[in-house]
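A short write-up of the structure that comes next.
Since every read-out is calculated from the coordinates, none of them should be taken as a lab result. Given the structure is predicted, the values throughout are model-derived calculations rather than measurements. When we count neighbours, we look across all protein chains shown, and the Cβ atoms used for this are built from the backbone with ideal geometry, even at glycine.
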Amino acid sequence: MNGNNNKTAIVVGGGVAGASICYALSKQNIKTILMEKQSKPATKASGNPIGVVYPFLTKHKTAESEFSYLAFQYFLELWDSLDLGNTVPHVDGIHYLLDSGSAYDRYSHALKNHNIPKSLAELRMDPYSQKDSLFFPQGKALSPVELSKELIRYAKPEEVYQTNLISWVETEGKIICQTNKESIHTDYLFLAQGYQFASDPRLNWIPMKQVRGQIVQVPMNYFPNNTSILYGDYLTAEINGERVLGASFDEFHLEEEPRMEETIQLWKGLQEKLPNLRESWDGVDLSQLGTRVSYRTQSQDRHPVVGKLPNVSQLDTSIKYQNLFRKNGKPFQIPYFESVGILNGLGSRGITHALLAANILVNLVLGLPKKNPKEEMNVPEHIIQSLKPDRFLLRMWKRDQLT
Ligand SMILES: Cc1cc2nc3c(=O)[nH]c(=O)nc-3n(C[C@H](O)[C@H](O)[C@H](O)COP(=O)(O)OP(=O)(O)OC[C@H]3O[C@@H](n4cnc5c(N)ncnc54)[C@H](O)[C@@H]3O)c2cc1C
């Protein structure tokens, strides 16, 4: 008998993060409402026509690279077990170009230091540029919109659209959510609002920012590549008749209108890196290509933000870091909204990272035992700790910035 059988949860945000949380909750039999401001899922950051899935690797293991590699493996496990290959438009195979000595050094060591088998990544020549590359045979170009929809279809939450979470309070073990339509009581609240996190006053202490991203949509017959090629920017394989050339990012100017100069820059960058990809680069009217602007959310340390939400209004700010080592120094304790979780700051890797992040989050908020038999993957404690929003509070505390 699962003790959560009569519990309810609200998940705010119908992007890939919210969809992944719904999926993780469905495995715990929690009755879930997915609340989304727009009229359908995945219209914001998760609304690009194509995104790429592959892990972020560093030369030596770091919490970031270990998490990313585990998340990639978890993604592939679910991809197979949910048979997503049959429902989510995708193309396997990613070549990550290693066109400098230092890149080759970094990634050849990364393979060894993370014990990555050849079935997941190996050094191999990219056929289109004839350059060394790190090849991810199971890396994917896919439709993030269809992935999000499929996860929601599996999870079967009650879906409420055009519904905007305006405010929430935790009171006597329940959470009351006020929306533009009604007030709803729930046992658990999961916040996955993407870049719109800042309108929630309980989140605005978390150092995350909105970053503008622009992609170019290119007709499939412009290029011949059957796999996606990453070279700083990226050109994806073809899905539904088009490829995506991406992405330019800007954290200072956030206007929604596409910028022609960025299309030109992306195009020039591609021509420079992969000159053989077209016979002639002349005569293409770039103004005819589709573009899309969306916004990713990036945390200060570029690591996702995943965990129970600290309740900063309850912090005892009289406890100073400098006094910690004195006799009778009080330990610094972080109070939480016990039933509220956050999944945000997914940066440029949300499609790859959201599923594992959601699994970790649901385990934390529901207080599930560490070795949950239902859990496919056992994530080391130091990685779970590295993801928690607590890290920013601790940093501020050490710098005496909590007043
Ligand atoms: C240009 C670009 C290219 C990218 N390419 C890749 C890639 O190739 N591979 C990869 O892994 N990642 C990529 N990313 C990153 C990835 O797209 C994001 O990390 C991911 O989509 C974030 O998902 P999310 O659910 O957190 O946010 P979103 O998809 O933005 O979802 C948040 C949702 O919350 C809703 N919402 C907000 N506030 C409220 C409220 N108060 N009430 C109700 N609903 C609310 C919004 O309407 C929105 O639908 C890219 C990002 C950008 C911008």
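For region 162-189, residues that are under 20 Å from Val306 (Cα atoms) and within 11 Å of the ligand (Cβ to nearest atom) total 2. Would you mind stating whether Leu289 is farther than 30 Å from Ala155 by Cβ, within 16 Å of the ligand (Cβ to nearest atom) and among the hydrophobic types (A, V, I, L, M, F, W, C)? Here the answer is yes, as Leu289 does meet what is asked. Scanning region 347-365 for residues that are within 13 Å of Leu70 (Cα to Cα), of a type in the set (Gly, Ala, Ser) and near the ligand (Cβ under 7 Å from one of its atoms) yields a total of 1. Take the conditions touching a Ser or Thr at 6+ places or on another chain (Cβ under 7 Å), of a type outside the set (S, T, N, Q) and closer than 30 Å to Leu394 by Cβ and apply them to Met208. Does it pass? The answer is yes for Met208.
Summed over region 170-199, the residues that are touching a Phe, Trp or Tyr at 6+ places or on another chain (Cβ under 8 Å) and without any contact (Cβ under 8 Å) to a residue 40 or more places away in the chain give a count of 2.
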